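Structure first, then comments.
We did not get these values from a lab; they are worked out from the coordinates using the rules stated. Just so you know, these numbers come straight off a predicted model, no measurement behind them. In this analysis, Cβ positions are derived from the backbone assuming ideal geometry, glycine residues included, and neighbour counts consider all displayed protein chains.
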Amino acid sequence: MARGATERSDSRYRCVGIGVGPANLSLASLLHGHTDVRNVFFESKAEFGWHEGQQIPGTSLQVSLFKDLVTLAQPTSPFSFLAYLHDQGKIYHFLNARFDAVPRQEFRNYMRWACERNPNIVFGEQVLSVDFDGEFVVATERRTVRADNVVLGIGTHPVLPEQASRDAATQFHAGEFTARSGGLGGKRVCVVGGGQSGAEAVLHLLGRSGSELPRRVSWVSRRTNYFPIDDSPFTNDFYMPCHSEYFSRLDRTAREDFNRDNVLSSDGISEHTLRDLYQRLYVLRFIEGAGDLFALFPNRTVRAVGGADADGWKLTLGHNDQPDELEEIDADVVVWATGYRTREADVLAPLAGRIEREGGEFRIDGNYAVRWDGPADRNIFVQNRARGQRGLADPNLSLNAYRSQRIVDRIRGVRSDGQLPSFIEWSAKPRLGLSWEG
Ligand SMILES: Cc1cc2nc3c(=O)[nH]c(=O)nc-3n(C[C@H](O)[C@H](O)[C@H](O)COP(=O)(O)OP(=O)(O)OC[C@H]3O[C@@H](n4cnc5c(N)ncnc54)[C@H](O)[C@@H]3O)c2cc1C
């Protein structure tokens with residue numbers, strides 16, 4: 001749309017956010033009250049949701065409660081998790097409950113509360129495209145607005161492997177678990193995927209009782225065992241801004257090696273989930289005498305899925321150490337806990353040819369602004385789309401507030417104070433003159 005005399009000045013913004021998950025909600029929260037940055041955030045869903053299909057009772061956050069929308073960047077913000085507890089009158093109760101980790105449903109409720117307090121967030125309005133004519137022209141289902149800066153926070157979508165039958169009533173992704181895992185009593189269920197989502201699905205299925213209990217739950221994982229997330233102190237230093245910045249300066253091969261070698265620092269299973277699961281297996285086998293209720297198959301790859309929806313499925317597994325030994329599992333229902341992938345940035349199609357890329361990612365600068373051929377004061381920021389350039393912290397909540405603060409600072413032309421660096425010297429320091437005398 002060309003800029004015309006009839007265009008209303010209230011459709012012009014300093015910042016337009018696309019998508020409202022935890023990433024852009026953090027940004028919207030940090031921008032709240034900055035009257036110099038007129039902003040609006042569009043979310044296609046009718047109301048705030050956070051992986052609703054995996055809001056399984058008993059599940060919890062895999063990071064500290066301090067890694068909320070704002071605290072690590074702005075501890076005095078009125079949008080912190082503690083501010084939420086206090087506002088709702090339950091801060092003492094939360095303290096006394098002594099949760100090992102924040103219940104996932106409570107963290108979702110907190111984020112929903114943050115949305116309700118922010119009039120700049122619009123639900124039920126999908127962004128269709130972003131073009132540029134000196135300003136960004138953002139078209140939604142209902143209107144066109146103009147912006148100096150746009151921030152893409154459109155998240156991820158579930159991944160099904162090629163062996164999965166997409167249309168089968170009896171196969172589904174773990175992202176639909178709460179909606180589709182009812183009515184599995186007496187059935188043979190196979191969960192594929194050895195991360196947190198797979199573990200939660202298995203634990204929930206084996207925790208059912210009476211007519212709700214499946215006949216058998218098989219759990220297949222490519223990993224050699226069901227591995228925990230590494231949540232120890234020095235590993236957590238990978239999730240500090242200084243490490244993310246160090247990481248961003250490495251060459252691409254070193255970055256890829258790092259992400260592969262350290263994947264369990266973000267994608268492993270919570271220790272308490274593993275303990276709950278192991279204890280449940282003990283009770284089933286040794287106390288209730290129902291040991292044939294479960295079967296564990298790590299170190300296997302699903303090679304094929306045959307059979308028909310109505311008669312049940314036959315999964316062919318290849319053992320990773322004994323590739324010639326094929327195994328078969330019969331299952332009435334298959335739950336694919338096979339992860340999520342970055343959502344395609346279709347909305348940026350009009351600008352696609354103007355943006356630099358590295359591998360499958362948009363190339364970004366230190367402030368998460370995409371490198372493109374437009375003017376330096378017109379930015380396309382991206383949230384949660386730079387795992388290859390910023391490391392394993394990018395897709396999770398650890399640096400959410402930090403990343404949003406970098407974006408706020410860049411838009412406002414300021415630089416907030418950072419925190420002290422890690423105890424660890426990540427970079428080589430050749431001029432220290434240290435020598436090895438051991
Ligand atoms: C079950 C589960 C539990 C997790 N738990 C943790 C955890 O405990 N700790 C941790 O650090 N990480 C966790 N993660 C990882 C990460 O924190 C989440 O994936 C997080 O939701 C990512 O936030 P996001 O805002 O980037 O994306 P999303 O949450 O996916 O939000 C993106 C939003 O954009 C909207 N959208 C997309 N396209 C458009 C459009 N064109 N117009 C308007 N809106 C659009 C979508 O509807 C969606 O609401 C978890 C992931 C999963 C799947």
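Details
- When only Cα pairs below 8 angstrom with a gap of at least 6 residues are kept, the range 14-127 shows a relative contact order of 41 percent.
- Each label was represented as a point 7 Å from its Cα along the Cα-to-Cβ direction; for Arg14 and Phe99 these points are 3.4 nm apart.
- Taking the range 336-391 and dividing mean pair separation by its residue count, relative contact order in percent (alpha carbons under 8 Å, at least six apart): 28 percent
- Reported to the nearest whole Å, the Cα centre-to-centre distance from the range 268-321 to the range 52-101 is 33.
- Order of Arg385, Arg208 - criterion: other Cβ atoms within 10 Å of each residue's Cβ, fewest first: Arg208, Arg385
- Of all aspartates and glutamates in the structure, the ones whose alpha carbon falls short of 14 Å from that of Lys187, not counting any fewer than 8 places away in one chain, are Glu212, Asp292, Asp309, Asp311, Asp330, Asp332.
- Separation in nanometres of the label points that stand 7 Å from Cα toward Cβ, at Ala46 and Ala376: 4.7 nm
- When the P(r) is computed for the range 306-416, the part past 15 Å accounts for 74% of the Cα-Cα pairs.
- Taking the chain as a Gaussian network of alpha-carbon nodes connected by springs under 10 Å, the highest mean-square fluctuation of the residues Pro22, Pro350, Pro78 belongs to Pro350.
- Since only Val16, Tyr282, Ala308 are under comparison, the one whose Cα sits farthest along the positive direction of the charge dipole of the chain, derived from C-beta charges on Lys, Arg, Asp and Glu, is Val16.
- Divided by 2.2 N^0.38 Å, where N counts the residues, the Cα radius of gyration of the range 173-226 comes to 1.09.
- Zone of Arg166's modelled label, taken as backbone nitrogen in the range 342-358 under 17 Å from a point 7 Å along Cα→Cβ: 342-346
- Geometric extent, Cα atoms of the range 251-331 - Rg, Dmax (angstrom): 17.8, 55
- Helix 104-116 axis, angle to the chain major axis (alpha carbon atoms, nearest 10°): 20 degrees
- Calculated FRET efficiency for the pair Phe123/Ala349, C-beta based, R₀ 30 Å, to 0.05: 0.80
- Cα principal axis extents for the range 121-183, largest first, Å: 52, 25, 17
- Radius, Kirkwood style, for the range 58-122 when every pair of distinct Cα atoms is counted (Å): 12.3 Å
- Per-residue Cβ neighbour rank within 10 angstrom, fewest leading, Lys187, Lys67, Lys90: Lys90, Lys187, Lys67
- Counting beta carbons within 10 Å around each of Leu25, Leu31 and listing the fewest first gives the order Leu31, Leu25.
- Convex hull volume of the range 185-257 per residue (C-alpha atoms, cubic angstrom): 123 Å³
- Hull volume per residue, based on the alpha-carbon atoms of the chain and their convex hull, is 201 Å³.
- Near the amide H of Ile269, within less than 5 Å, lie the amide hydrogens of Phe227, Ile229, all on another chain or at least 5 residues away, with H placed in the peptide plane.
- Percent RCO, i.e. relative contact order, over the chain, from Cα pairs under 8 Å lying at least 6 residues apart: 21 percent
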